[in-house]
Amino acid sequence: QQQVRQSPQSLTVWEGETAILNCSYEDSTFDYFPWYHQFPGESPALLIAIRPVSNKKEDGRFTIFFNKREKKFSLHIADSQPGDSATYFCAASRGDTGKLIFGLGTTLQVQP
Amino acid sequence: DTTVKQNPRYKLARVGKPVNLICSQTMNHDTMYWYQKKPNQAPKLLLFYYDKILNREADTFEKFQSSRPNNSFCSLYIGSAGLEYSAMYLCASSRDNNQAPLFGEGTRLSVL
């Protein structure tokens, strides 16, 4: 059973558009939700993260929207750039265990 | 140095032979993780150390072993490699359970 579900599997947007990546989770005790991005040949790198005390977290062009009731969270990438093309993983963890559970990833392609 | 280092970057192993992968960090992080990443799959947590305490996932309990002789060093040991072990192995570390782990560049293991 996939504890963290991610969609879409792949996404293509034009430069300047907003890319929206979605995730949902099963375990209501999860309390930390990071997004990682991974460029070809590199390791996953933390992009932005949120805790359930907030329903929105912004960092430049990257925004997480969090819906605790529906157990969903999404990453919005505003003004997408070709350099944003990468695989994006959402994840969830519980603070007392430290176990980070990943989604399957979304491959984002930003067309110039 | 704020990186997680993994050696080797590439490893070729024969079926039935042992494999030992090495990870190190000098950030004094309490927790060190090992993930397995296969193409088109989510990174899968294999095990992690919180300080000197080893936590292994139930479905990988018998397949992987690990040691952490000091805070900086952690190894992943496969006693008898099978073809299904071919994957990228990612080591990560975090200061505590409430931080997103920092990943190393990974070791790509090919079992022939």
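The values are calculated or read from the model by the stated rules, or taken from the named source; none is laboratory data. Fair warning: this is a prediction, and the values are worked out from it, not measured in the lab. So basically every Cβ, Gly included, is an ideal-geometry build from the backbone, and we count neighbours across all protein chains shown. Just so you know, the surface numbers come from the protein's heavy atoms only, side chains and all, with ligands and any DNA or RNA stripped out. Shrake-Rupley method; radii C 1.70, N 1.55, O 1.52, S 1.80 Å.
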Using a 1.4 Å probe on heavy atoms of the protein chains only, the accessible area for A:LYS56 in Å², nearest 10, reads 100 Å²
Counting other chain Cβ atoms within 10 Å of each Cβ in B:29-41 and taking the mean gives 2
With the other protein chains left in place, how much accessible area per residue, in square angstrom, belongs to chain A at a 1.4 angstrom probe?
49 Å²
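Using only C-alpha atoms and all pairs of different ones, pull out the Kirkwood radius for the protein assembly as shown in Å with one decimal.
Computed over Cα pairs of the protein assembly as shown, the Kirkwood hydrodynamic radius comes out at 18.0 Å.
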Descending accessible area (1.4 Å probe), largest on the left, turns A:ASP79, A:ASP31, A:ASP96 into A:ASP96, A:ASP79, A:ASP31
Can you give me the P(r) profile for the stretch B:58-101? Cα pairs, bins 10 angstrom wide beginning at 0, each as a whole percent.
20, 47, 29, 4
Accessible area expressed per residue, chain B, with surrounding protein chains retained (probe 1.4 Å, Å²)
50 Å²
Using a 1.4 Å probe on the protein heavy atoms only, what accessible surface does B:LYS5 show? Give it in Å² to the nearest 10.
90 Å²
Pop out the carbon and sulfur fraction of the accessible area of the stretch A:35-78 as a percent, whole number, probe 1.4 Å.
49 percent
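Using the reciprocal of the averaged 1/r over all distinct C-alpha pairs, how large is the Kirkwood radius of the stretch A:63-112 in Å?
Its Kirkwood hydrodynamic radius stands at 12.8 Å.
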Loop sites in the stretch A:1-106: GluC sites (Glu not before Pro), DSSP, at most 11 other Cβ within 10 Å
A:GLU70
List the residues whose amide H sits under 5 Å from the amide H of A:GLY103, counting only those 5 or more places along or on another chain, with H placed 1.01 Å from N in the peptide plane.
A:CYS90, A:ALA91
Protein-only accessible surface order, largest first, of B:THR3, A:THR12 at 1.4 Å
A:THR12, B:THR3
When only the heavy atoms of the protein chains count and the probe is 1.4 Å, how do A:ARG69, B:ARG14, B:ARG108 rank by accessible area, highest first?
A:ARG69, B:ARG14, B:ARG108
Chain A, Gaussian network, Cα under 10 Å: of A:GLY16, A:GLY41, A:GLY60, the residue fluctuating most is A:GLY41
Once both labels are modelled 7 Å past Cα along the beta-carbon direction, what's the A:LEU46-B:SER86 spacing in nm?
3.4 nm
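Where does chain A land on Rg(C-alpha)/(2.2 N^0.38 Å)?
Numbers: Rg = 13.4 Å, N = 112, 2.2 N^0.38 = 13.2 Å.
Working it through for chain A, the quotient is 1.01.
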Area of B:ASP30 that stays accessible when all protein chains are in place (1.4 Å probe, Å², to 10):
50 Å²
Per-residue ³J(HN,Hα) for the stretch B:34-39, Karplus 6.51 cos²θ - 1.76 cosθ + 1.60, θ = phi - 60°, Hz, x for Gly and Pro:
10, 10, 10, 10, 10, x
Surface share of carbon and sulfur [accessible, 1.4 angstrom probe, percent] for chain B
49 percent
Residues of the stretch A:69-112 that bury at least 20 Å² of accessible area, probe 1.4 Å, when all protein chains are present rather than the chain alone, are A:PHE89, A:GLY95, A:THR97, A:GLY98, A:LYS99, A:LEU100, A:PHE102, A:LEU104
Before we go on, tell me the buried accessible area for the B/A pair, both chains summed, 1.4 Å probe, in Å² to the nearest 100.
1500 Å²
Only Cα pairs within less than 10 Å get springs; with that Gaussian network setup on chain B, which residue of B:ASN28, B:ASN40, B:ASN20 has the largest fluctuation?
B:ASN40
